[in-house]
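Single-structure report; data block below.
The values are calculated or read from the model by the stated rules, or taken from the named source; none is laboratory data. Model, not experiment: these values are computed from the prediction. Here Cβ is always computed from backbone atoms with ideal geometry, including for glycine, and neighbour counts include all displayed protein chains. SASA here: full protein model, heavy atoms, side chains in, ligands and nucleic acids out. Shrake-Rupley method; radii C 1.70, N 1.55, O 1.52, S 1.80 Å.
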Amino acid sequence: MRRSAVIDTARGLSLHDHVGWVFEQPADFRANAGQFLADGLAARERILYVGGAGTATPLGLDGLAAAIAGGQAEVTSIGQMYSAGEPIEPERQVDRFFEAADQALADGWTGLRIAADVTSLVRTDRQRAAWIRYEHLADAFIARRPVAGLCGFDRTVLDRTALAEATCPHAALTPGGSEFRLYATGGPAAELALAGEIDPDNRRVLAAVLRHARPAPRDGRLTVDATALAFVDHRGLALLAAYANRLGVTAVLRARAESVPKMIADLVPMGGLEVQVVSA
């Protein structure tokens, strides 16, 4: 099962984990990337480090040179991997991601693990719009295939809204990112999950993420696991209902009987939104 939480360590993360890592010093991200990638080396995964501006290699990663020589590791730059400074092409970039994961398996490794400082790719509104779509597609892939990702975001460069939008489509986050997460479950009961808190201060983030990620329904329903959604008000639920209405489908919220989402939906019924009660 993939990690879904607010975390403070890069150690112990596994395949299927997808983390938005907020940092203040590039060296701190490089050190945590080293820990994250070291676990991949030990598990015989292929590892890839994508450095941001001014960074060279992850820190504290013993055996990196030998792993590069043996084909288990690669170190590259944002410019080489993503065309830094320009909005990425989400579908094209995900195709490259698929190919790299398949090649890792074909070469005999157990999976693919990537750490990247992607700050330069989310600075502008246009960049973030493309990035959110890419992260949404990539997260669904990570949820189902033997892949793990650590995406770094420099909080000294990005403002609060930019950080929230860019980090929201990750199953796990460090403190300082979005206060809620919209991510793929990897399971059959629901395509998506919402976790954390959606309040008046961050509802615009939800609207932006839905608009740019464009989560797709299945069989006329957009099913969302809300069992880890601690708080949402009626306007937050209305955004989800409005998104489903625009697609001509129903948003189905899977929630516990005593949860805030269930109580709000009972008090303020909305067209396009249904609540499916699940056990604890």
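Under 1.5 on a/c is rounded, so check that first for the stretch 24-136, then, if it is not, pick prolate when a/b is larger than b/c and oblate when it is not; a ≥ b ≥ c are the square roots of the alpha carbon gyration tensor eigenvalues.
On the way: a/c = 2.29, a/b = 1.33, b/c = 1.73.
Because a/c hits 1.5 or more and a/b fails to exceed b/c, the stretch 24-136 counts as oblate.
With the whole protein complex present, V275 retains an accessible surface near 40 Å², based on a 1.4 Å probe. For L229, the residues whose modelled amide H falls within less than 5 Å of its own, excluding neighbours fewer than 5 places apart on the same chain, are G196.
Over the stretch 76-122, what is the relative contact order in whole percent, taking alpha-carbon pairs under 8 Å and six or more residues apart?
Working: 21 pairs, mean separation 21.6, N = 47.
This gives 46 percent for the stretch 76-122.
Calculated FRET efficiency, T9 and L247, Cβ-Cβ r, R0 41 Å, to nearest 0.05? With a Förster radius of 41 Å, E is 0.60.
Estimated at 0.36 nm per residue, the fully extended path between D159 and D266 surpasses their Cα-Cα distance by 34.9 nm.
Computed from Cα positions, the angle between helix 90-106 and the longest principal axis of the chain comes to roughly 50 degrees.
Among D8, D107, D139, the sequence by solvent-accessible area, most first, with a 1.4 Å probe is D8, D107, D139.
Ordering W109, W131 by accessible area with a probe of 1.4 Å, largest first, what comes out?
On the way: W109 35, W131 5 Å².
Most to least solvent-accessible, the answer reads W109, W131.
Rolling a 1.4 Å probe across all protein chains gives V75 an accessible area of roughly 50 Å². In whole angstrom, how far apart do the alpha carbon centroids of the stretch 1-40 and the stretch 147-185 sit? About 12 Å separates the Cα centre of the stretch 1-40 from the one of the stretch 147-185.
For the pair R256 and Q276, label points projected 7 Å from Cα toward Cβ lie 1.9 nm apart. Under 16 Å from a label point set 7 Å out along the Cα-to-Cβ vector of L59, the amide N atoms of the stretch 1-34 belong to 9-11, 22-34.
Give the relative contact order (percent, whole number) for the chain; include only Cα pairs under 8 Å separated by 6+ residues.
Details: 580 pairs, mean separation 50.5, N = 280.
Relative contact order of the chain: 18 percent.
What relative contact order, as a whole-number percentage, does the stretch 166-280 give when Cα pairs under 8 Å and 6 or more residues apart are counted? Over the stretch 166-280, the number comes to 21 percent.
Per residue, how many Å² of accessible area does the chain show with a 1.4 Å probe?
Working: 12220 Å² over 280 residues.
Dividing the accessible area of the chain by its residue count gives 44 Å².
Please work out how much length the chain gains when fully extended from D107 to A228, using 0.36 nm per residue of separation minus the C-alpha to C-alpha distance, in nm with one decimal.
Numbers: separation 121, 0.36 × 121 = 43.56 nm, distance 3.79 nm.
Full-extension gain reported as 39.8 nm.
Rolling a 1.4 Å probe over the protein heavy atoms of the chain, with every protein chain left in place, gives an accessible area that is 50 percent carbon and sulfur. The D199 and A66 beta-carbon pair, evaluated with R₀ = 35 Å, returns a calculated FRET efficiency of approximately 0.10.
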